[in-house]
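Data block below; observations after.
The values are calculated or read from the model by the stated rules, or taken from the named source; none is laboratory data. Fair warning: this is a prediction, and the values are worked out from it, not measured in the lab. Cβ placement follows ideal geometry from the backbone for every residue including glycine, while neighbour counts extend to all protein chains displayed. Please note that ligands, DNA and RNA were not included when accessible areas were found on the heavy atoms of the full protein model with its side chains. Shrake-Rupley method; radii C 1.70, N 1.55, O 1.52, S 1.80 Å.
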Amino acid sequence: MGLVLFIGLPVGLLLAIFFFMKSSKEMPKNWAQFVCEVRMQICGFQGLLDDFIMRPRNKVELYKQPGKIALITGGNRGIGLRIVKKLVECEIEVILGVRNPVDSRKAVEAYLEHAKIPVSSCKLHYEQLDIGNMKSVREFATKIRAKFDKIHLLINNAGVMSVPFKLTDEGFESHMAINYYGHFLLTHLLLPQLRAAGTAECKARVVNVSSCVHKIGEIDYNDINKVKNYYPADAYNQSKLAQVLFAKYTNLMFEEEGMPVLSYSLHPGVVNTDLFEHSSTNYIPWVRALLFKNPEEGSRTVVYAAIAPKLETRGGCYLSNCREAGSHRYWNNSVQCEKLFNFTCDTLGIDDFFYKGK
């Protein structure tokens, strides 16, 4: 009896953790999905441990940068809201690409007022953008190009995690559409503004908000939309890996083309935000509040990637807790990075990503 209890209690505890900490509310349906979920949880635990150990390093120094313009996708909630606050504290003009500009303005202004930052002193712009809809991305970019000659910082922040299977109207799986394709296209369309803003001494920056789970992601070129075997975590990991490889490859090309632009990717931390609304952690929200970073802490590495002077010579790097960190095995594989880049250009109908036009 004692032996049964000795073995049974740890097993029961592990099963409970597995059930309540799953990346989605959906249960794995086959062995491949089960393995994906286990790897996701192991990676998440490692992320939590890294956040705890590196907490003293997770700091960003803010400094005044009047005259600079930043564009962020999202920005009206979660870590995005805290990113916007830090940017305006640096006296940076901020453009928010959001689904609902009216509601977003209310949310941002209420937060800034609560933080005792006079809204009247902030230069904020709100433009409608559905980042997962390529038509919306093109319309948004057209508006931005008409209003702004320069964009110094492009923060590709908006995203979803572990959502139920859905194809967009254009036939793209939603994780890839929102987390990756939309930001890939937006970066392409705003390159003239980024190029115009960058100088040899202070280059423009593109910041991709990825995740530590990109390390266990794989790009499935044969079924990129996961139609044959969809599991939310698998789709999410793939999209996050795509963001990292995109940042690495574009930075190489910026250097080759002599463009004054840098690209970075990063893991903001395991952060307690609405991103987890489709995970089983919703059943025990107090665990998230206890173990995860809060949104303010999660915003620090993003802003660090956007403004830290010491990164001026470190383009292409992957960051976590305001420091360079290890990445996927393909991160330093230029062949794999280029393969994904060319595949994406073909998918989105982009003939010349690095075009010199207006």
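The distance between label points at Ile53 and Leu167 comes to 4.4 nm (points 7 Å beyond Cα on the Cα→Cβ vector). Evaluating kT/(6 pi eta Rh) at 20 °C and 1.002 mPa s, with the Kirkwood radius of the range 25-172 over Cα pairs in the Stokes-Einstein relation, gives 120 µm² s⁻¹. Among beta bridges from DSSP that stay inside the chain, the antiparallel ones total about 5%. Run the paramagnetic zone check for Glu256: 7 angstrom along Cα to Cβ, then residues of the range 167-185 with backbone nitrogen under 20 Å. In the range 167-185, the label zone of Glu256 (backbone N under 20 Å from the point 7 Å along Cα→Cβ) covers 184-185. With protein chains left intact and a 1.4 Å probe, residues in the chain average 45 Å² of accessible area per residue.
When nucleic acids and ligands are ignored and a 1.4 Å probe is applied, Lys339 ends up with an accessible area of around 100 Å². Ranked from largest to smallest solvent-accessible area, with a 1.4 Å probe on the protein heavy atoms, Lys226, Lys147 come out as Lys147, Lys226.
The angle between the Cα long axis of helix 101-114 and the longest principal axis of the Cα atoms of the chain comes to about 80 degrees, rounded to the nearest 10.
Here the label points at Lys123 and Phe354, each 7 Å from Cα along the C-beta direction, are separated by 3.0 nm in the simple model.
Full extension of the segment from Lys116 to Asn30, taken as 0.36 nm per residue of separation minus the current Cα-Cα distance, would add 25.8 nm.
Restricting the calculation to Cα atoms, the chain yields a radius of gyration followed by a Dmax of 20.2, 76 Å. I'd like to know which of Val88, Ile219, Ala146 lies farthest towards the positive end of the charge dipole of the chain, counting +1 on Cβ of Lys and Arg and -1 on Cβ of Asp and Glu. Result: Val88, furthest along the dipole toward the positive end.
Quick one: angle between helix 2-20 and the longest Cα principal axis of the chain, in degrees between 0 and 90, rounded to 10, please. Approximately 30 degrees, to the nearest ten. With all protein chains present, how much of the accessible area of the chain (probe radius 1.4 Å) comes from carbon and sulfur, to the nearest whole percent? Within the chain, the accessible surface is 58 percent carbon and sulfur. Only protein heavy atoms count here; on that basis, with a 1.4 Å probe, Tyr249 has an accessible area of about 20 Å².
Ranked from largest to smallest solvent-accessible area, with a 1.4 Å probe on the protein heavy atoms, Val209, Val335 come out as Val335, Val209. Its residue count N sets the reference 2.2 N^0.38 Å, and the alpha-carbon radius of gyration of the range 100-253 equals 1.15 times that reference.
By how many degrees, between 0 and 90 and to the nearest 10, does the Cα long axis of helix 78-89 differ from the longest principal axis of the chain? Orientation of helix 78-89: about 30 degrees from the principal axis. Per-residue Karplus couplings for the range 290-297, computed as 6.51 cos²θ - 1.76 cosθ + 1.60 with θ equal to phi - 60°, are listed in order as 7, 9, 7, 5, 8, x, 5, 5 Hz, Gly and Pro entered as x. Extension gain, Glu218-Ala196: 0.36 nm per intervening residue step, less the Cα-Cα distance, totals 4.4 nm.
Sorted from longest to shortest, the spans of the Cα atoms of the range 79-132 along the three principal axes equal 32, 20, 18 Å. Using a probe of 1.4 Å, the accessible surface attributed to Ser120 totals some 120 Å² when neighbouring protein chains are kept in position.
Residues Glu89, Glu297, Glu139 ordered from highest to lowest accessible area at a 1.4 Å probe: Glu139, Glu89, Glu297. The value of relative contact order for the chain, using C-alpha pairs under 8 Å at least six residues apart, is 20 percent.
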